[in-house]
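**Q** Below: one structure in structure tokens.
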Amino acid sequence: MTDTTQNTGAVTPISSLHTLDARTKRRNAAENRFKLYGMIAIGIGLLMLVTLLTTILSKGTGAFTQTFVTMEVELLESKLDKSGERDLEKIKKVTTFGYAPLIKTAFEKTVEIHGIETDLKSKTMAKILSKSAASQLRNYVIANPDQIGQTIEFRFLANSRVDGYMKGRVTRDSIANDKNITPAQLDFVDQLIEAGALKKTFNIDFIIGADASDQRPEAAGIGVAMMGSLFMMLVVLALALPIGVAASIYLEEFAPKNWITDIIEVNISNLAAVPSIVFGILGLAVFINYMHLPQSAPLVGGLVLTLMTLPTIIISTRAALKAVPPSIRDAALGVGASKMQAVFHHVLPLAAPGILTGTIIGLAQALGETAPLLLIGMIGFIASNMPETVGEGLLSPNSAMPAQIYEWAKRADPAFYERAWGGIIILLIFLISMNTLAVLLRRRFERRW
């Protein structure tokens with residue numbers, strides 16, 4: 001008998017940590033697939049974003065340029081001021097029909113000066129201009145009656161078909177059944193281009209001008225609608241920010257936790273998900289039908305958008321207040337501060353970046369809303385003049401940028417469709433600027449603890 005015992009069992013091989021088994025390989029493969037899916041999703045999202053921006057820019061940049069015809073017009077005294085007294089009231093009695101012959105004569109002189117050969121009559125030549133040309137001439141004479149009798153150089157808008165021809169939107173094939181322009185007129189346009197009398201240049205009036213009628217798409221601008229949106233945002237900022245922040249501070253810091261506050265919180269969350277058109281119906285019923293506030297006024301639009309924005313501001317402000325560590329409150333109370341002092345001197349300054357960010361994002365959301373404005377009539381009015389006072393800006397009928405874009409998009413003339421895309425570019429610039437401001441303010445006022 002010996003002390004040594006023999007082990008006759010099988011020996012289990014010891015695997016290395018550097019050798020991947022089948023289970024680890026499957027797990028790593030699944031992880032790599034998940035990463036690939038994420039990269040594909042990001043790629044699709046970026047592709048859609050690039051496609052959207054490319055489409056908007058390609059279709060909307062044309063709205064920022066316009067075709068103009070430059071001519072010298074003789075302001076005949078025999079047509080505009082027969083008495084020669086320069087009496088403004090008598091000059092105003094001359095309607096746009098009285099200015100049409102001056103434009104026709106100017107075309108005849110332009111043809112003669114540049115040596116253009118055409119069989120078109122002066123009346124047919126004048127049809128390549130916008131229908132606002134005679135009105136533009138009349139407004140100039142009324143503003144400058146001392147210029148009567150002089151020969152003045154004017155830059156008139158070409159009509160939408162000529163402008164479309166310059167931008168490639170209108171071709172000779174596409175005008176076969178178009179009664180607004182003829183191939184002979186396009187031949188005349190080509191000669192004016194060669195003579196340098198017809199050019200496509202930057203159109204500042206699209207940015208600062210007012211909307212125009214269906215017959216003058218080339219004269220339409222978004223400037224007055226921008227002012228309407230500005231006054232609405234002032235109303236929203238003046239009402240939604242203090243009310244939303246005050247409600248958030250009370251609910252988060254002072255309100256007792258019971259079933260009443262639970263109901264309030266649930267309803268605030270539900271209101272944030274309510275479709276915006278519901279707020280438009282509420283504004284129509286309360287502010288217009290019951291309170292008899294002026295229809296289509298930015299004040300009413302601002303009140304409606306305030307109701308829509310309040311839940312967003314309350315929710316974001318409460319989230320910012322919750323993000324402040326409880327130790328800040330406890331430290332303030334520990335050194336003798338009251339509850340209000342702890343909130344306003346310590347908690348609120350630390351939550352300010354989140355509050356500002358939520359407010360600006362809420363304003364940006366309100367700026368792009370269209371549905372509530374449709375129900376209070378902000379698409380049925382064409383504002384032709386800029387408001388001169390704050391009161392007029394709040395109470396006079398006006399439109400807003402999203403409502404104006406909607407109005408242009410449903411009109412028949414392709415020139416309005418181009419302007420709708422141009423309006424979208426301006427609206428996006430405003431939205432991107434507001435979101436950029438929110439990021440900058442957050443970084444500027446952010447505090448570490």
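The values are calculated or read from the model by the stated rules, or taken from the named source; none is laboratory data. All values derive from a computational prediction rather than experimental measurement. Heads up, the Cβs are rebuilt from the backbone with ideal geometry, glycines too, and the neighbour counts pull from every protein chain shown.
**Q** For residues that are of a type outside the set (A, V, I, L, M, F, W, C) and in a helix (DSSP H, G or I), scanning just the range 134-157, find the one that is farthest from residue 217 (Cα to Cα). Spell out how you get there, then give the answer.
**A** First pass over the range 134-157, keeping only residues of a type outside the set (A, V, I, L, M, F, W, C): 135-136, 138-140, 144-147, 149-151, 153, 155.
The next check asks that each one be in a helix (DSSP H, G or I); those that pass are 135-136, 138-140, 145-147.
Details: 135: 15, 136: 15, 138: 20, 139: 19, 140: 21, 145: 29, 146: 32, 147: 29 Å.
Checking each candidate, the answer is 146.
**Q** On the basis of being farther than 13 Å from residue 128 by Cα and not assigned by TED's automatic domain parsing to the domain that holds residue 426, does residue 159 make the cut? I'd like the intermediate steps shown before the answer.
**A** Numbers: farther than 13 Å from residue 128 by Cα: no; not assigned by TED's automatic domain parsing to the domain that holds residue 426: yes.
Criteria not met by residue 159.
**Q** Name the residue that is farthest from residue 228 (Cα to Cα), counting only residues in the range 278-312 that are of a type in the set (Gly, Ala, Ser) and part of a helix (DSSP H, G or I).
**A** Kept after step one, since they are of a type in the set (Gly, Ala, Ser), are these residues of the range 278-312: 280, 283, 285, 296-297, 301-302.
Subsequent filtering for residues that are part of a helix (DSSP H, G or I) retains 280, 283, 285, 301-302.
Values: 280: 17, 283: 17, 285: 21, 301: 9, 302: 10 Å.
Here the answer is 285.
**Q** On to the next question. With the requirement that a residue be farther than 13 Å from residue 210 by Cα and aliphatic (A, V, I, L, M), what does the range 381-426 give you?
**A** 390, 394, 395, 403, 409, 412, 415, 420, 424, 425, 426
**Q** Sort out which residues of the range 91-133 are of a type outside the set (Val, Ile, Thr), surrounded by 13 or more Cβ atoms within 10 Å (Cβ to Cβ) and part of a loop (DSSP other than H, G, I, E, B), and write them in order of number.
**A** If the condition is that a residue be of a type outside the set (Val, Ile, Thr), surrounded by 13 or more Cβ atoms within 10 Å (Cβ to Cβ) and part of a loop (DSSP other than H, G, I, E, B), then 120, 127, 130, 131, 132 are the ones that fit.
**Q** Restricted to the range 211-232, and to residues that are more than 27 Å from residue 308 (Cβ to Cβ) and of a type in the set (D, E, K, R), which residue is modelled with the lowest pLDDT? I'd like the intermediate steps shown before the answer.
**A** Taking the range 211-232 as the starting set, the residues that turn out to be more than 27 Å from residue 308 (Cβ to Cβ) are 212-221.
From the residues that got through so far, the ones that are of a type in the set (D, E, K, R) too are 214, 216, 218.
Values: 214: 83, 216: 88, 218: 90.
So the residue we want is 214.
**Q** Looking only at residues in the range 90-117 that are among the basic types (Lys, Arg) and more than 40 Å from the chain's Cα centre (by Cα), which one is nearest to residue 198 (Cα to Cα)?
**A** We begin by selecting, within the range 90-117, every residue among the basic types (Lys, Arg); these are 90, 92-93, 104, 109.
With the extra rule that they be more than 40 Å from the chain's Cα centre (by Cα), the set shrinks to 90, 109.
Values: 90: 34, 109: 15 Å.
Checked the range 90-117; the qualifying residue nearest to residue 198 (Cα to Cα) is 109.
**Q** Let me ask you something else. Could you give me the residue pairs with C-beta distances under 6 Å whose first residue belongs to the range 245-257 and is in contact (Cβ under 8 Å) with a residue 60 or more places away in the chain and surrounded by 14 or more Cβ atoms within 10 Å (Cβ to Cβ), whose second residue is among the hydroxyl-bearing types (Ser, Thr, Tyr) and not in a loop (DSSP other than H, G, I, E, B) wherever it lies, and which are 6+ apart or on separate chains?
**A** These pairs meet every condition: 245/317; 248/317.
**Q** Considering only helices (runs of 4 or more DSSP H) fully contained in the range 322-436, which possess at least 2 residues that are hydroxyl-bearing (Ser, Thr, Tyr) and modelled with pLDDT under 90?
**A** Details: elements: 326-334, 339-342, 348-367, 371-375, 390-395, 401-409.
Qualifying helices (runs of 4 or more DSSP H): 348-367.
**Q** Ok, one more. Mind listing just one residue for me: the one in the range 437-449 that is in a loop (DSSP other than H, G, I, E, B) and not aromatic (Phe, Trp, Tyr) and, of those, nearest to residue 166 (Cα to Cα)?
**A** It comes out as 446.
**Q** May I ask you to verify whether residue 102 is more than 20 Å from residue 182 (Cα to Cα), at pLDDT 90 or above, out of contact with any Asp or Glu (no Cβ under 6 Å at 6 or more places or on another chain) and not polar (S, T, N, Q)? Spell out how you get there, then give the answer.
**A** Numbers: more than 20 Å from residue 182 (Cα to Cα): yes; at pLDDT 90 or above: yes; out of contact with any Asp or Glu (no Cβ under 6 Å at 6 or more places or on another chain): yes; not polar (S, T, N, Q): yes.
So residue 102 passes the test.
**Q** Kindly evaluate residue 63 against the criterion of being of a type in the set (A, V, I, L, M) and within 40 Å of the chain's Cα centre (by Cα). Quick ask: steps written out before the conclusion?
**A** Details: of a type in the set (A, V, I, L, M): yes; within 40 Å of the chain's Cα centre (by Cα): yes.
So residue 63 passes the test.
**Q** Restricting the search to the range 300-359, which residues are within 18 Å of residue 434 (Cβ to Cβ) and among the hydroxyl-bearing types (Ser, Thr, Tyr)?
**A** The answer is 306, 309, 312, 316, 317, 357, 359.
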